Amino acid sequence: MRVVIAEDLFLLREGLASLLKGYGFDIAAAVGDGPSLLRALVEQRPDVAIVDVRLPPTQTDEGLRAALEARRQVPGLPILILSTHVEQLYARELLADQAGGVGYLLKDRVFTDDQFTDALYTVARGGTVMDPEVVARLLARRSNQLPVTRLTNREREVLALIAEGRSNSAIARRMFVSDKAVSKHCTSSFTKLELPPSDDDNRRVLAVLAYLDS
């Protein structure tokens, strides 16, 4: 699997590259600033990219903006954000295009090699991986407004776990309920969030977006 790494700290960048090489990943490029990241993503078209939010030259949201621009040029390009910061607007924008896998992990909450490499494989396959702390911070904004108030506590819990990239079976195990019960909560949430069945739209992603933007 080919990977592009964007991290401005030399030791962390080289450490990530060394770790992933040990697990059989091919490092297509390892860069330390936003413009270099955009070039690497468009030229290399990796299976997945690991991107820090804040990169030179601005040290604000350069990494995220470069990743979003790359996805506009290369639709479906899988992006895993690995950062110490949660940028709410761009996290929503990453989810909103529904094209390709996306992940958002916090550096200080990645505890094992397996956790990290599993997240990479999930995103590369088109899945969604969101750290629970990222989800919590995103959900904190205007959480008392509609359509959130239509949802029960159980339905909110299910949506939060969906945002973390968990399947219905995984959610059922986490909540100690049946798969059927999880499916029922999902269907009820889709109805309350006014998301009719569609052959084109991923209602799970749209439900999370509607929840986060409420």
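The values are calculated or read from the model by the stated rules, or taken from the named source; none is laboratory data. Quantities reported herein were computed from a predicted structural model and do not represent experimental measurements. Heads up, the Cβs are rebuilt from the backbone with ideal geometry, glycines too, and the neighbour counts pull from every protein chain shown. Just so you know, the surface numbers come from the protein's heavy atoms only, side chains and all, with ligands and any DNA or RNA stripped out. Shrake-Rupley method; radii C 1.70, N 1.55, O 1.52, S 1.80 Å.
Annotations
- The residues of the chain expose on average 47 square angstrom of accessible surface per residue, using a 1.4 Å probe on protein heavy atoms.
- Relative contact order, percent, segment 1-88 [alpha-carbon distance under 8 Å, six or more residues apart]: 30
- Rounded tilt (10° steps) of 62-73 against the dominant C-alpha axis of the chain: 80
- The angle between the Cα long axis of helix 34-44 and the main principal axis of the chain comes to about 90°, on a 0 to 90 degree scale.
- Förster radius 45 Å - calculated FRET efficiency between Glu194 and Gln59 (Cβ-Cβ, nearest 0.05): 0.70
- Computed from Cα positions, the angle between helix 10-22 and the longest principal axis of the chain comes to roughly 80 degrees.
- Gain upon complete extension [Phe111, Thr149; 0.36 nm per residue less C-alpha separation]: 10.2 nm
- Modelled FRET efficiency - R0 30 Å, Arg92 with Met175, Cβ distances, 0.05 increments: 0.75
- Among Val129, Val86, Val177: highest mean-square fluctuation, GNM of the chain, C-alpha pairs under 10 Å: Val177
- Overall form of segment 19-123 per C-alpha gyration tensor (a/c, 1.5; a/b vs b/c): rounded
- Sites Thr84 and Asp118 - FRET efficiency at Förster radius 25 Å, r taken between beta-carbons, to 0.05: 0.75
- Note on the chain: antiparallel DSSP beta bridges, both residues inside, total approximately 0 percent of the bridges counted.
- Annotation: lysines with alpha-carbon distance below 18 angstrom to Lys21 (same-chain offsets under eight excluded): none found.
- Rounded if a/c under 1.5, otherwise prolate or oblate - segment 1-74, Cα gyration tensor axes: oblate
- Once exposed loop chymotrypsin sites (Phe, Trp or Tyr not before Pro) are cut out (DSSP; at most 13 other Cβ, 10 Å), longest piece of the chain: 24-110
- Excluding same-chain neighbours fewer than eight residues apart, the lysines reachable from Lys184 by a Cα-Cα span under 24 Å are Lys192.
- Modelled spin labels at Arg45 and Arg2, positioned 7 Å past Cα toward Cβ, are 0.8 nm from each other.
- Taking 0.36 nm per residue of sequence separation and removing the Cα-Cα distance, the Ser183/Leu9 pair yields an extension gain of 58.3 nm.
- Computed on the chain, the Cα convex hull volume stands at 116 Å³ per residue.
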